[in-house]
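The values are calculated or read from the model by the stated rules, or taken from the named source; none is laboratory data. A quick note: this is a predicted structure, and the numbers were derived from the prediction, not measured. Ideal geometry is used to build each Cβ from the backbone, glycine not excepted, and the neighbour counts take in all protein chains shown.
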Amino acid sequence: MEFDNITRKEALERLYAHWVPAVKSTVVSIDEAVGFICSQDILSANTQPVVRASLMDGVAVPSALFRDGNPDTASFREYRDYVRADTGDDFDDAYDSVIKIEDITFLDGGGFVLPDDFKVIAGMNIEPSGSSLAAGDFLFAKGWKIRPIDIATLVRGGLTSVAVVAPPHVCFIPTGSELIPAGTTPARGQQIDCNSSLARHMLTKMGATVTCLPIVKDHMEELSSALDTALAFADIVIINGGSSKGKEDFNTRLLRERGELLNHGVAAAPGRPLALAVVAGKPVINVPGPMVACCYAFDWCLRPLIARALGINPSQHPVVLAQLTKPITARAGMEFWTRVEVRKVAGKYEAEPLALNRGNGLYRIGASSGQFITPLEGGFFPAGSMVEIELLCDPAFL
């Protein structure tokens, strides 16, 4: 049974109804933890300061000497009546107050003088034990994505490792008798496998661990064997190519025979013949072979699947309102992924479509900094109209 025209949302909902991932935990060193998701609440193991510390540069003195007014500080001697205590310093328990350095005029003999009517109070300018951080203090919540700045907090909290959500293992299987490895010069009828490189980097950035298998030729036995290999270790499997209705498009048939085929075709282009299945309890996605279709499928399909396996909400592209520089015509019944070059002119955004319709094939993927997804009901968007553009790069580079 085939489902030729369901929406992206419907396709994902069908898969979610058949697949509930087991979110796994692992432990990584804090030097490797950036980008990982905390699998539990993280608490401090350290107390800071351990006993106490000076809040500022100055001298530590016994407040008892100042109880009845200021003594003759000109006769004070370092290590007898006071010690230097810079910001963050601990000091001997005989001293319990810190006078900031700006209030002190040092004398040649080693003593110092203070401003008239200066008062020294017990505990002045001192950070008590645990006032900055105490053992057991909450640092990060379960589900928090660790940033570079968070590593310093973990170090200060006395942690050398942290429990994180294990990245889902995604296996990418490039298929096609016409494919040759990257770095090989193509002969007539050959195509370079660029999608393995795309998968490795795009899916890794989404939070997955990615393994790309060698190219598999269009033979049913080889395809089935590659699927077995992937299912043995991967949490999510992607079969790239062979998803349409050509003579050597075996992969959708393979999924129907090996598991439960949930759909074959989505109302989204490029890449309409995408198929979703569950085989041995794992999601298997058959992504069309063309690079732009593969990229689009990763963006709308694999991004939420990886997030689901991580137990988090999928990330969203930032959206800006931009003025089209060229018209876009979209037919009804199909969401079309139009790449655009976004420019910021006089504080406003402009978007130049790089692929104006489904059939012209002018996909300048490398130049695109944004995307416009046309609505399912279609429509005409003339030059000068304002549309919502999803940014695919840092706005600083526009």
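For the range 71-92, how many residues are in contact with a strand residue (DSSP E or B) (Cβ under 9 Å, 6 or more places away or on another chain) and assigned to a loop (DSSP other than H, G, I, E, B)? Qualifying residue count, the range 71-92: 9.
Taking residues in the range 201-221 that are farther than 18 Å from Pro181 by Cβ, and partners anywhere that are in a loop (DSSP other than H, G, I, E, B), the pairs with Cβ atoms closer than 6 Å and at least 6 places apart or on different chains are Gly207/Pro167; Ala208/Pro167; Ala208/Pro168; Thr209/Pro167; Met220/Phe250. The strands (runs of 3 or more DSSP E) falling completely within the range 167-268 that include 2 or more residues that are crowded, with 22+ Cβ neighbours inside 10 Å and in contact with a helix residue (DSSP H, G or I) (Cβ under 7 Å, 6 or more places away or on another chain) map to 169-174, 236-240, 260-264. Assessment of the range 181-194 against the conditions (within 23 Å of Tyr296 (Cα to Cα) and of a type in the set (Gly, Ala, Ser)) yields at least one matching residue.
Against the numbered list (1) touching a residue at least 24 places away in the same chain (Cβ under 8 Å); (2) at negative phi; (3) not hydroxyl-bearing (Ser, Thr, Tyr), Gly88 comes up short only at (2). Summed over the range 103-112, the residues that are touching a strand residue (DSSP E or B) at 6+ places or on another chain (Cβ under 8 Å) and either closer than 13 Å to Val61 by Cα or not assigned by TED's automatic domain parsing to the domain that holds Ser75 (or both) give a count of 2. Scanning the range 273-288 for residues that are in contact (Cβ under 8 Å) with a residue 60 or more places away in the chain, touching a helix residue (DSSP H, G or I) at 6+ places or on another chain (Cβ under 8 Å) and either on the phi > 0 side of the Ramachandran plot or surrounded by fewer than 24 Cβ atoms within 10 Å (Cβ to Cβ) (or both) turns up Val278, Lys282. Within the range 37-61, the set of residues being out of contact with any Leu (no Cβ under 9 Å at 6 or more places or on another chain) and part of a loop (DSSP other than H, G, I, E, B) comprises Ser39, Gln40, Val50, Val51, Leu55, Met56, Asp57.
Of the residues in the range 369-391, how many are among the acidic types (Asp, Glu) and free of Cβ contacts under 8 Å to residues at least 60 places away in the same chain? Steps first, please.
Initial filter on the range 369-391 (among the acidic types (Asp, Glu)): 377, 388, 390.
Now drop any that are not free of Cβ contacts under 8 Å to residues at least 60 places away in the same chain, which leaves 377.
Residues in the range 369-391 being among the acidic types (Asp, Glu) and free of Cβ contacts under 8 Å to residues at least 60 places away in the same chain: 1 in total.
Of all residues in the range 313-336, which are of a type in the set (Val, Ile, Thr) and exposed (fewer than 14 other Cβ atoms within 10 Å of the Cβ)? I'd like the intermediate steps shown before the answer.
Going through the range 313-336, the residues of a type in the set (Val, Ile, Thr) turn out to be 319-320, 325, 328-329.
Result: Val319, single match.
Applying a threshold of 7 Å to beta carbon distances and a minimum spacing of six or more residues, or different chains, the list of pairs starting in the range 298-311 at a residue that is more than 19 Å from Arg272 (Cβ to Cβ) and ending at one that is part of a helix (DSSP H, G or I) reads Ile306/Leu203.
Take Asp96 and tell me if it is modelled with pLDDT under 95 and either farther than 29 Å from Asp150 by Cβ or not hydrophobic (A, V, I, L, M, F, W, C) (or both). Judged against the criteria, Asp96 is not a match.
Is it the case that some residue within the range 136-159 is among the charged types (D, E, K, R), over 30 Å from Leu223 (Cβ atoms), outside the structural domain of Gly35 (by TED's automatic domain parsing) and outside any loop (DSSP other than H, G, I, E, B)? Looking for residues that are among the charged types (D, E, K, R), over 30 Å from Leu223 (Cβ atoms), outside the structural domain of Gly35 (by TED's automatic domain parsing) and outside any loop (DSSP other than H, G, I, E, B), one finds none in the range 136-159, hence no.
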